[in-house]
Each structure stands twice: as C-alpha cells, then as structure tokens.
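Read the figures in this text as sums done on the coordinates, not as results from a lab. Since this is a predicted model, take the numbers as computed values, not measurements. Because the Cβ atoms are built from the backbone with ideal geometry, glycine has one as well, and the counts that use them run over all protein chains shown.
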Amino acid sequence: MPRLTVTGAMRPYLPQDTVELHGSTVGVLLDEFERRFPPVRKYLRNEEGALRSTFRVFVNGEDIRGLDGLETRLGPEDRVDVVPAIQGG
C-alpha cells in the first residue's frame with residue numbers, strides 16, 4: 001500500500017509522519033487522505049479543489065508536475081511526500 005508522508009502545517013492532524021493509504025493514483029490517494037483526515041483539506045486544496053501552490057507533491061522523490069500530475073500511477077511500494085513549497089525572492 002502506498003505511504004504518504006507530510007511535514008509542516010498538516011503534520012499535527014496525523015497520528016504519525018507517515019500513513020499508509022489506498023490509491024491507484026496520486027489524486028485518489030489524496031482524496032483518501034482528505035477523507036481520513038478532514039482538517040488537512042483546507043491546507044492542501046483551494047476552494048476549487050486544485051492543489052495549493054504552497055505545497056509540492058513528490059512520488060519516490062520526483063515532483064508530480066514532471067510526471068502525470070494527480071493522474072500519476074502508484075504502486076504498492078511507492079512513497080508520496082507532501083512538503084511545503086520553498087518560496088523566496
């Protein structure tokens with residue numbers, strides 16, 4: 001089962017840093033994440049349901065923006081990391 005790891009603002013809403021979730025794609029996994037931990041939705045997605053730009057999502061270390069986005073397929077051993085985006089000026 002894929003593992004999801006979070007840091008930052010969402011961390012206090014989870015029992016540990018990493019949780020195992022069902023999901024054949026990143027989008028399905030994030031839907032399950034929000035279903036199991038409802039308070040994280042306000043941090044993860046905007047009012048239209050799109051991922052907020054303040055977070056980046058990686059599958060096995062690769063940014064999903066360079067893969068198939070939320071349609072990126074997941075296998076049982078995959079690791080999905082949701083991390084705050086580094087912003088600077």
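Looking at segment 4-89, the trypsin sites (Lys or Arg not before Pro) that sit in a DSSP loop and have at most 14 other Cβ atoms within 10 Å of their own Cβ are ARG52.
With the convex hull built on the Cα atoms of segment 18-69, state its orientation-averaged projected area in nm². Intermediate values should be presented prior to the final figure.
Values: hull surface 15.7 nm².
Convex hull of Cα atoms, orientation-averaged projection: 3.9 nm².
Per-residue Karplus couplings for segment 10-19, computed as 6.51 cos²θ - 1.76 cosθ + 1.60 with θ equal to phi - 60°, are listed in order as 7, 3, x, 8, 10, x, 8, 5, 10, 10 Hz, Gly and Pro entered as x. Have a look at GLY75, GLY27, GLY66 and tell me which one the Gaussian network model of the chain (Cα, springs below 10 Å) gives the largest fluctuation. Of the options given, GLY66 has the highest mean-square fluctuation. Phi angles across segment 70-83 convert, under the Karplus curve 6.51 cos²θ - 1.76 cosθ + 1.60 with θ = phi - 60°, into 3J(HN,Hα) values of 5, 8, 4, 6, 10, x, x, 9, 6, 10, 10, 10, 10, 10 Hz, Gly and Pro given as x. Computed across the chain, the Kirkwood radius stands at 13.0 Å (inverse of mean 1/r, all Cα pairs).
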